[in-house]
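A short write-up of the structure that comes next.
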Amino acid sequence: MIKAVILNWSGTLSDYGGRGRQAWYQAAGENPAQLARYWPHYAKTITTFNPGVLSLLQFLKLNHIPFATVTQESSLVLADLVNALAIYHLMPPVNVAEASAPEALKHALSQLHVADDTQVLGVFDAADWLQAATMARLNTVGMVVGSRMIGLSTVAWKNLTVTDQKHWIRRIRTRFTQLGVENTLDNAQTLQQLIQQLKPLEVRR
């Protein structure tokens, strides 16, 4: 049974590999301390949700499944990302920024108030988050398309040949298996189907 969901931003909820993000990192000189300074100029080019994310979050909201978002980036970056969701009336009840993956999950779990951590679904796109989720005893989900392990924007992904897409999917799925990820999914649409299987509920669509 699933009682809550935790998702990270870059690569899971938002487009990680877009030109806006690349330009932002280049402007900051790849210096994490400078990223927040340059964020306001690049925010609108980066706050792009991955396919299926809005419908997924709407599904969670309608079915009263609390969810948290986490990021290692600054609170300024997180605030803009969360505000972008507010337009759709999808404000996450819990949001954590500026923390390592283990610390971010610890803070998120403490605010979700779920007695059994194994009943929390941890949805992530990269090894550091997935390893932390496993250590925290979460039910883990690795998201393939849009992940940092691929590093391509949504547009760049769509421009790949079907053969190349299948190659990347096989490669990332293999890596997730090596990490001990319990569920490997291609995108947010398939995540909604998984939640329906793991959580007995009267689903509202």
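What follows is calculated from the coordinates using simple rules that are stated; it is not laboratory data. Not measured: the values here are computed from a predicted model. No Cβ is skipped: glycine too gets one built from the backbone with ideal geometry, and neighbour counts run over all protein chains shown.
Close amide H contacts of residue 184 (hydrogens built in the peptide plane, cut-off under 5 Å, sequence separation of 5 or more or a different chain): 142. 3J(HN,Hα) along the range 148-155: 5, 5, 9, x, 10, 5, 4, 5 Hz, from the Karplus curve 6.51 cos²θ - 1.76 cosθ + 1.60 with θ = phi - 60°, whole Hz, x for Gly and Pro. A straight line joining the Cα centroids of the range 140-160 and the range 64-107 runs 20 Å. Sequentially through the range 112-129, phi angles give Karplus couplings (6.51, -1.76, 1.60; θ = phi - 60°) of 7, 6, 9, 5, 10, 4, 5, 8, 10, 8, x, 10, 9, 10, 9, 4, 4, 5 Hz, Gly and Pro residues having no value and appearing as x.
Sort 161, 69, 118 by Cβ crowding within 10 Å, fewest neighbours at the top. Intermediate results must be reported in sequence, preceding the final value.
Details: 161 8, 69 26, 118 13.
By the 10 Å Cβ count, ascending: 161, 118, 69.
Close amide H pairs (under 5 Å, H built 1.01 Å from N) link residue 5 with 67, 68, 121, residues at least 5 positions away or on another chain. For the range 100-167, the relative contact order comes to 26 percent (Cα pairs under 8 Å, sequence separation of at least 6). Computed from backbone phi, the HN-Hα couplings of the range 168-173 come to 5, 4, 4, 5, 6, 4 Hz, rounded to whole numbers (Karplus: 6.51 cos²θ - 1.76 cosθ + 1.60, θ = phi - 60°; Gly and Pro given as x).
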